[in-house]
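Structure, as structure tokens:
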Amino acid sequence: MTNIPPEIQSYKRTAWKPIIIEGDGALTASKFAGKPWLGKHEKWPKCPLCQNPLELFVQLNLNQLPEALQNEFGSGILQIFYCTNQFGCNPSPHKIQAFSDAHLIRIIQPERKKQRIEIPKNQDFFPPKLIVDWQKLEDYSNSEAASEFGIELNDELYEDNFPIEGDKLAAWPL
Ligand SMILES: [Zn+2]
């Protein structure tokens, strides 16, 4: 991070990168894919468009986020499901349309009793990845955004490095 031009230091934001391991965890754990927390009598959510089971993209236990983020997102379990129907209800989790019906975004407050969750069969779901920790990162807007602030950046130095790509929380959108 020593190459950051001093004039953009004030546009620095803190981002949090999930540290993941292969495998699923507790039903209330933060994870990508795998078994979500569902209500006691709740069935696995289906896509309202094609009726296929939705895939769990990410589940975040908001009560277990780094302290700095806890107030920002509230409490409970945030879940984002989306349709992976190859015929195209929603082709990419990174292109979830804000008003598409082919996904489900919600925050639930788990009751004490949990139920046995089975992953729907015959679905080409991603293997689960458990979020075990969060790494604090310094993130910066890309040079285009910076130039809107009147800052010209040396592209070679900078362009390829920010914003940090991949999954992260609370930082500059790509
Ligand atoms: Zn669908």
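The values are calculated or read from the model by the stated rules, or taken from the named source; none is laboratory data. Since we're looking at a predicted model, the values are computed, not measured. Don't worry about glycine lacking a Cβ; one is built from the backbone with ideal geometry, like all the others, and counts go over all protein chains shown.
A residue that is at pLDDT below 55 and touching a helix residue (DSSP H, G or I) at 6+ places or on another chain (Cβ under 9 Å) can be found somewhere in segment 131-144. Among the residues making up segment 49-67, those that are more than 16 Å from P18 (Cβ to Cβ) and either hydroxyl-bearing (S, T, Y) or surrounded by 19 or more Cβ atoms within 10 Å (Cβ to Cβ) (or both) are P53, L54, E55. Of the set (1) under 19 Å from E111 (Cα atoms); (2) touching a Pro at 6+ places or on another chain (Cβ under 7 Å); (3) surrounded by fewer than 21 Cβ atoms within 10 Å (Cβ to Cβ), all apply to I77 but (3).
Considering only residues in segment 65-80 that are modelled with pLDDT of 90 or more and not β-branched (V, I, T), the one that is nearest to the ligand (Cβ to nearest atom) turns out to be Q79.
Only one entry in L38, L62, L69 is among the hydrophobic types (A, V, I, L, M, F, W, C), touching a helix residue (DSSP H, G or I) at 6+ places or on another chain (Cβ under 9 Å) and touching a residue at least 60 places away in the same chain (Cβ under 8 Å), namely L69.
Residues in segment 21-55 that are assigned to a strand (DSSP E or B) and either more than 16 Å from the ligand (Cβ to nearest atom) or closer than 14 Å to I107 by Cβ (or both): I21, E22, K31, F32. If you take the residues of segment 1-48 that are among the aliphatic types (A, V, I, L, M) and modelled with pLDDT under 85, which of them is surrounded by the fewest Cβ atoms within 10 Å (Cβ to Cβ)? Per the criteria, the residue is M1.
In a residue-by-residue description of segment 84-102, the property of being in contact with a strand residue (DSSP E or B) (Cβ under 8 Å, 6 or more places away or on another chain), at pLDDT 75 or above, under 26 Å from G34 (Cα atoms) and not hydroxyl-bearing (S, T, Y) applies to no position.
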